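**Q** Pasting a structure here, questions to come.
The values are calculated or read from the model by the stated rules, or taken from the named source; none is laboratory data. Remember, it's a predicted structure, so these values are computed and weren't measured experimentally. As a convention, Cβ positions derive from the backbone with ideal geometry for all residues, glycine included, and neighbour counts pool all protein chains shown. With ligands, DNA and RNA removed, areas are computed over all heavy atoms of the protein, side chains included. Shrake-Rupley method; radii C 1.70, N 1.55, O 1.52, S 1.80 Å.
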Amino acid sequence: MKYILVIDHIATGGAERILIDYYHYLKDKGHQPHIFVLSGYDGQSKWTEDIDYITYGSKGDEDNLIKKGMQQLNLYFKLKKLIHEVKPDVIFSFLEKSNLLTIVTPSKAIKIVSVHNVLSIQYTKLKNPQVKKIVYNIIKWMYNKCPNVIAVSKQVKDDLITTFGVQADNIHIINNYVDRENIQIKAQETIENFTFLPERKYIMNIGRFSDQKAQWKLLKAFALYLKNTNENVELVLMGHGEYTTDLQELAKKLQIEKYTTFLPFNVNPYKYMRHAHLFVLSSIYEGFPIVLAEVSSLRIPFLGTQKAIPEEMFDQKKIWEQCIFKSSTLEKDFSATIHQDEEDLAELIKKGVEDENFRQKILESTTQWEKQNTKRIQFECYDSIAK
């Protein structure tokens, strides 16, 4: 079969990683996959180095409203041309811009779109009520028009139904799984730019330094935790993004720079991840964070915000409820002021680091989900929709 995989961009995110893995899976199965990227260029991402068929719609996103409109029109015609040339059996898209473009571009192919975030939270920044209404109506229209909508978690599906009025029958829940065996192999590779000390307990976060990931909450919670513990602990943040400098300056304001390490993004985060004593996901929202599937495959306890930790990973809801905190402040805040939700996270971190019974409960409650945590199962579920 011939596939066109459509995505907004290829950087370091979870949706991009799924697309790349799915491309190789399809190719190994004897299919003919082609990738269409809305914005980007050759050599921008290391993940595309071994991709044979990839087309870029534009080099970058336009800021000017008129130019942006022209760019979207150009993307439509470029995808339409690619569809005419490839004649795909399936068009599979990731993220909202790609989903909309896939749905409106005419084709006889089976169309599958995927939603990777809780959209009602993702679009909280839309303050203009008229703009918000238009966006919400577009989301309702596009996902009701397509009968094959993949939601990466129950939380994402529930949000589509209750907030946007999408028909439940259109939505299939397929969690983001990982290649567990490959992760465990890569986790044994040598680290050259950091030394993990055996006597120290490491709290880790991996992700883009951005609004969504909200690492400033973690820094503040960690600063508060340090004042109430005798443990030999260190916080390790891995990633890059627009808030790298702001987060480093905040660590200095909080006087925790000696206990905090910032590491650049690495194509193999698993060799670092395996040294973590606890993984904390401070994101304001997530769909189904792949990093948690990776952490789970290495059997590391994790906790985080209510809208970031998927309930279905736990076999008992009461254990899930013990692993989450509610993020009450959604706006970025690089001041030294510590809010109530950050105090709640500090208490949760203390429990996650020091309470061995609690740590064991997390691992036991996620064991059943972990047994299903294989990329093959995820992609076979994709295949069942494409047939």
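**Q** Given points 7 Å out from each Cα along the Cα-Cβ axis, report the Lys29 to Leu363 separation in nanometres with one decimal.
**A** Inter-label distance under the simple model: 3.4 nm.
**Q** Based on alpha-carbon positions alone, could you give the equivalent ellipsoid semi-axes of the chain from the gyration tensor, as √(5λ), descending, whole Å? Write out the running numbers ahead of the final one.
**A** On the way: eigenvalues 252, 105, 88 Å².
So the three semi-axes of the chain are 35, 23, 21 Å.
**Q** May I pose another question? Give me P(r) over segment 122-214, computed from all C-alpha to C-alpha distances, binned every 10 Å, as integer percentages.
**A** Pair shares across the bins are 12, 26, 27, 17, 15, 3.
**Q** Rounded, prolate or oblate, given the Cα gyration tensor of segment 185-279, with a/c below 1.5 counting as rounded? Please report the intermediate quantities before stating the final value.
**A** Numbers: a/c = 2.01, a/b = 1.18, b/c = 1.70.
Note, shape of segment 185-279 comes out oblate.
**Q** Which of the pairs Lys87/Lys145; Lys59/Lys80; Lys307/Lys351; Lys125/Lys326; Lys68/Lys127; Lys252/Lys326 have their Cα atoms more than 30 Å apart in this structure? Numbers along the way, then the final one.
**A** On the way: Lys87/Lys145 22 Å; Lys59/Lys80 18 Å; Lys307/Lys351 20 Å; Lys125/Lys326 19 Å; Lys68/Lys127 20 Å; Lys252/Lys326 26 Å.
Violating the 30 Å Cα-Cα cut-off are zero pairs.
**Q** Determine the gain in length on full extension of the stretch Glu370-Lys154; use 0.36 nm per residue of separation and subtract their C-alpha separation, reporting nm with one decimal.
**A** On the way: separation 216, 0.36 × 216 = 77.76 nm, distance 1.69 nm.
Here the answer is 76.1 nm.
**Q** Still on this structure, please answer the following. Just subtract the alpha-carbon distance of Lys108 and Tyr76 from 0.36 nm times their residue separation and send over the number in nm, one decimal. All intermediate terms of the calculation are to be shown ahead of the outcome.
**A** Values: separation 32, 0.36 × 32 = 11.52 nm, distance 1.59 nm.
Going from the current span to full extension adds 9.9 nm.
**Q** Could I ask something else about it? Taking all protein chains in place and a 1.4 Å probe, what share, in percent, of the accessible surface of the chain do carbon and sulfur account for?
**A** On the way: 8910 of 17960 Å².
C and S fraction of accessible area: 50 percent.
**Q** With a probe of 1.4 Å, find how much accessible area segment 78-145 has per residue, and write the answer as a whole number in Å². Walk me through the numbers on the way to the answer.
**A** Details: 3410 Å² over 68 residues.
So segment 78-145 comes to 50 Å² accessible per residue, rounded to a whole number.
**Q** What spacing in nm lies between the two simple spin-label points modelled at Asp52 and Ala168, each 7 Å away from Cα in the Cβ direction?
**A** For the pair Asp52/Ala168, the computed spacing is 4.4 nm.
**Q** Pairs of alpha-carbon atoms within less than 8 angstrom and 6+ residues apart define the contacts here; what relative contact order does the chain have, in percent? Don't skip to the answer; put the middle values down first.
**A** On the way: 651 pairs, mean separation 57.1, N = 387.
It rounds to 15 percent for the chain.
**Q** Mean residue ellipticity at 222 nm from the helices of the chain, using -39,500 (n - 2.57) per DSSP H segment of n ≥ 4 over the full residue count, to the nearest 500 deg cm²/dmol?
**A** Working: 16 runs with 167 residues, N = 387.
The per-residue figure over the chain is -13000 deg cm²/dmol.
**Q** At 1.4 Å probe radius, can you tell me the per residue accessible area of segment 234-370 in Å²?
**A** Working: 5580 Å² over 137 residues.
Dividing the accessible area of segment 234-370 by its residue count gives 41 Å².
**Q** Order these peptides, 345-355, 121-131, by their mean beta-carbon neighbour count within 10 angstrom, highest first. Present the calculation step by step, with values, prior to reporting the outcome.
**A** Numbers: 345-355: 19.8, 121-131: 12.1.
Going from most to least packed, we get 345-355, 121-131.
**Q** With θ set to phi - 60°, apply the Karplus curve 6.51 cos²θ - 1.76 cosθ + 1.60 along segment 258-263 and write out the HN-Hα couplings as whole Hz, x wherever there is a Gly or Pro.
**A** So the Karplus estimates, Gly and Pro as x, are 6, 10, 10, 10, 9, 10 Hz.
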